[in-house]
Amino acid sequence: MEQPLVSVIIPTYNRLNSVCELVESLYRQTYRALQIILVNDAGESVRLVEELYPELDLTIVDLEKNVRHVQARNRGLSYARGEYVLLCDDDDLLLPTHVERMLAAITDADMVYSDVEIFEYVLEGVTRRATKRFVFAYEHDLEAMRSFSTFVSSGCLYRRSLHDRIGLFDAEMYHYWDWDFFLRASEHGRVKRVPAASALYAFSQNGGNMSGAHEDMRPFLDRLSAKHHLGELPTKNFFILLEEPEMQSRRAVTEVLWDGEPFVSRIAEWTIEESKHPKA
């Protein structure tokens, strides 16, 4: 029986080394029917990925101007051939059984998402090695998700036909696009949490990606609230919010799968070889 195709959409901008680690993690997947769509948002070339991973079904979309990550995902969707779509940020990673687990879980749903491990790291050459890590796992409570979303888009899998019901990603939501997507998907389909931390979310204290400046995010939070009738929502620090009693009560048991080892990609060896033969 032929495996259904999963189209993996990855917007990327000037993160060649980390996107190679993500592609390495996709190469290691136990589920093989993957179409990988790299949407280069007018950043440095990622064509090297094609050379390093020639055995993968890889589509590179080079945008002529920077349209930011939400629009880039929408552009990627137009190239998707799969029955299913999987989203991932260009600096996150997926453990080898991730896609297989998501497909097993989506049989009675329209979208599934996993728990994650959030990790800080240091660079060893071009490879990231985790220094700290913690599990991010919370019960799927739709009403509670209207006050604080614990949906992580990296690694989520959904039926491509869902877009026929809800439209594309909302490009007006530069911040909170994922929360908006989750709420729309939940309104028009069945969404499930998979209790396994099979996606890895990268976080750096220097230029971290947990959130932008609060003053920049406020207008988007207000827009989200008005769109979904969420009421007044706070723009508190992410880590402070996690310590509040309501969030502590939502914590859930999950399966921890990662051994903590880095995903050494083929660009690491390529970089070493290039250093041995510098260009004149």
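The values are calculated or read from the model by the stated rules, or taken from the named source; none is laboratory data. Predicted model only: the values in this text are computed from it and were never measured. Positions of Cβ are generated from backbone atoms using ideal geometry, with glycine treated the same way; all protein chains shown enter the neighbour counts. Ligands, DNA and RNA are stripped out before the accessible areas are found, and what is left, the full protein with its side chains, is counted by its heavy atoms. Shrake-Rupley method; radii C 1.70, N 1.55, O 1.52, S 1.80 Å.
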> Could you list, in sequence order, the residues of the stretch 62-90 that are buried (at least 19 other Cβ atoms within 10 Å of the Cβ) and among the aliphatic types (A, V, I, L, M)?
Replying inline: Val70, Ala72, Ala80, Val85, Leu86, Leu87
> For the stretch 228-267, what are the residues that are touching a residue at least 12 places away in the same chain (Cβ under 8 Å), of a type outside the set (Gly, Ala, Ser) and farther than 22 Å from Tyr176 by Cβ?
Replying inline: Arg251, Val253, Thr254, Glu255, Val256, Leu257, Trp258, Pro262, Phe263, Val264, Arg266, Ile267
>> Need pairs with beta-carbon distance below 6 Å; first residue more than 20 Å from Ala202 (Cβ to Cβ) and within the stretch 152-180, second of a type in the set (S, T, N, Q); sequence gap 6+ or separate chains.
In response: Leu168/Asn74; Phe169/Asn74; Ala171/Gln71
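The rows are residues; the columns are (1) of a type in the set (Val, Ile, Thr); (2) within 23 Å of Leu200 (Cα to Cα); (3) open to solvent by less than 10 Å² (accessible area, probe 1.4 Å).
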site	(1), (2), (3)
Pro4	no, no, no
Arg15	no, yes, no
Glu21	no, yes, yes
Ile37	yes, yes, yes
> If Gly155 satisfies every condition in (1) under 18 Å from Asp92 (Cα atoms); (2) part of a loop (DSSP other than H, G, I, E, B); (3) open to solvent by less than 20 Å² (accessible area, probe 1.4 Å); (4) out of contact with any Ser or Thr (no Cβ under 7 Å at 6 or more places or on another chain) but one, which is the exception?
Replying inline: (4)
> Mind checking whether some residue in the stretch 36-49 is of a type outside the set (A, V, I, L, M, F, W, C) and over 27 Å from Trp177 (Cα atoms)?
Replying inline: yes
> Residues in the stretch 51-71 that are of a type outside the set (Val, Ile, Thr) and free of Cβ contacts under 8 Å to residues at least 40 places away in the same chain: how many?
Replying inline: 10
>> Looking at the stretch 234-266 only, could you name the residues that are of a type outside the set (Phe, Trp, Tyr), open to solvent by less than 40 Å² (accessible area, probe 1.4 Å) and modelled with pLDDT of 90 or more?
In response: Met247, Arg250, Ala252, Thr254, Gly260, Pro262, Ser265
>> Can you tell me which condition Gly212 does not meet? The list is (1) modelled with pLDDT under 90; (2) outside any loop (DSSP other than H, G, I, E, B), and all the others hold.
In response: (2)
> For the subset of the stretch 183-199 comprising residues that are touching a residue at least 60 places away in the same chain (Cβ under 8 Å) and of a type in the set (A, V, I, L, M, F, W, C), which member is surrounded by the most Cβ atoms within 10 Å (Cβ to Cβ)?
Replying inline: Ala199
